[in-house]
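Here the structure is laid out as structure tokens; the discussion comes afterwards.
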Amino acid sequence: MAEKRWRKRTLAGRALAPETLMMGYGYEPALSEGSLKEPLFQTSTFIFPSAQAGKDFFATMQGRRKPGEGEEPGLVYSRFNNPNLEVLEDRLALWDGAEASLAFASGMAAISTCLWAYLRPGDVVLQSQPIYGGTETLIHSILPEFGVRQVGFEVEGGTAAMQAAAAQARQLGRVAAIYVETPANPTNGLVDIAAARAIAESLTDAQGRRPPLIVDNTMLGPIYCKPLAHGADLVVTSLTKYVGGHSDLIGGGASGARAMLAPVRRMRSTLGTMCDPHTAWLLSRSLETLKLRMAAAAEGARRVAAFLRAHPKIDNVWFLDFLPEGHPDRALHLRQNTSAGSTFSFEVKGGEAGAFALLDRLEIIKLAVSLGGTETLASHPASTTHSAMPPDELKRFSITPALIRISIGVEEPDDLIADLAQALDGVP
């Protein structure tokens, strides 16, 4: 069957770039009165053309019927599918280099739904540390209530630490998922995705079941790191951050092979963790400028990081492009990532008092959690996003009282540098 024109990825034998496809892929204007942009389908349910069509739509959605060649999935109910959701998912899959994608109500909805889909009581999840605070709470506090145990490895320990943790996890039970975040939040520590995939393969059980490798790609995704290309099974992203990019919505995504997403889709339909139509519409809009925003922010971050590295009141700047020759993460960064991105951390001399003095004097840079927006945000992880972690773990993972995380936006970098300079003047 001929390829539908609104899903064409090539032109005269030329593969079209994602930034080009963002302008129309997955949407047919003729189906919406010729509207250039897809309308907002703010509806809970959809009318079936016939009783048989309704029966077929439900059978297809529930996996009891395979659609015919070229057949589009029927619209049933916005908890299952919606035109805005489908356009977003089609385009997100392009950026992630995936067969398919699913969109969720938040980043944590994406993460938790993926883990619920694969974990069962008695299972073990192998995870990298440190990770985002919400994920840490889910794995350490919530999942154990359902009989799921956890074994962690420090990203600074590299592949050896991951292998040792995998051996320990195997002794506890079936390792049903490997969950890693790279770069780590907030330290920018890296996990070798290919090495993690090799460990996943080594954990295949007697029934041939292999734990899926799930990678949180929020810090660099979906532009500057492609986890699926390095061996990940599923890549999860907080779409709230760079994809949304304007600090005005909450959303999450998961991408991978259709077979790997099948249990996740089933769990999402049951739990109702899908993205709503309006948010999906906003995210599709933001995807059009994603590369432009991320490129501008990354260039600004490089200049701001260079200023901070040279300042006498700054102890350390954890910016990936500054990794010295011989550092174990340098070769991995160059192989796995195409940019250092625009979110990094630095330590102010004077501990918490020095960090707070700087944060309280900022005028252009906003004091807020989150990252990836058009505006520059700064936060203090030890007292906010990671404050639920025990003090010994904060110390072990180098989340010190002096640490500030900054997410550079699209402002003029020299203005951001001026703001940081005057704020640092107030640090004792």
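Once the gyration tensor of the Cα atoms in the chain is diagonalised, the equivalent ellipsoid follows with semi-axes of 37, 27, 19 Å, ordered largest first. When the Cα atoms of segment 290-425 are aligned to their principal axes, the ranges along those axes come out at 35, 35, 28 Å in descending order.
If Lys and Arg each add +1 and Asp and Glu each add -1, what is the summed charge of the other residues whose beta carbon sits under 9 Å from the beta carbon of G26?
-3
Quick one: net charge of D321's neighbours, Cβ under 10 Å, K/R +1, D/E -1?
Details: positive: R302, R330; negative: none.
Local net charge: +2.
In this simple spin-label approximation, L36 and R309 carry label points 7 Å from Cα along the Cα→Cβ vector, and these lie 4.3 nm apart.
Lys and Arg at +1, Asp and Glu at -1: add these up for the other residues within a Cβ distance under 15 Å of L85 and post the number.
Values: positive: R79, R91, R265, R268, R285; negative: E38, E72, E86, E89, D90, D276.
In short, -1.
Pairs K226/K291; K4/K37; K313/K366; K37/K66; K4/K226; K37/K226: which are spaced more than 22 Å apart, C-alpha to C-alpha? Flagged as over cut-off: K37/K66; K4/K226; K37/K226.
Given their separation in residues at 0.36 nm each and the Cα-Cα distance between them, L16 and E201 gain 63.2 nm when the chain is fully extended. Each helix, a run of at least 4 DSSP H residues, gives -39500 (n - 2.57); summed and divided by the residues of the chain, these come to -11000 deg cm²/dmol at 222 nm. Over the Cα atoms of segment 83-287, the radius of gyration divided by the Kirkwood radius equals 0.95; this is the Rg/Rh ratio. Measuring spread by the Cα atoms of segment 1-58 yields a radius of gyration and Dmax of 15.3, 43 Å.
Taking each residue as 0.36 nm, the span from A418 to R5 lengthens on full extension beyond its C-alpha to C-alpha distance by 143.7 nm.
Computed from backbone phi, the HN-Hα couplings of segment 386-398 come to 10, 5, 7, 6, x, x, 5, 6, 4, 5, 5, 8, 6 Hz, rounded to whole numbers (Karplus: 6.51 cos²θ - 1.76 cosθ + 1.60, θ = phi - 60°; Gly and Pro given as x). Computed from the C-beta positions of T43 and E325 and an R0 of 56 Å, the FRET efficiency is 0.45 to the nearest 0.05. Per-peptide packing, taken as the mean over residues of other Cβ atoms within 10 Å, places 417-425, 174-182, 345-353 in the sequence 174-182, 345-353, 417-425 from highest down.
Read-outs throughout are calculated quantities, based only on the coordinates presented, and are distinct from any laboratory measurement. Computed from a predicted model, the values in this text were never measured in an experiment. Virtual Cβ from ideal backbone geometry, glycine too; neighbours counted across all protein chains shown.
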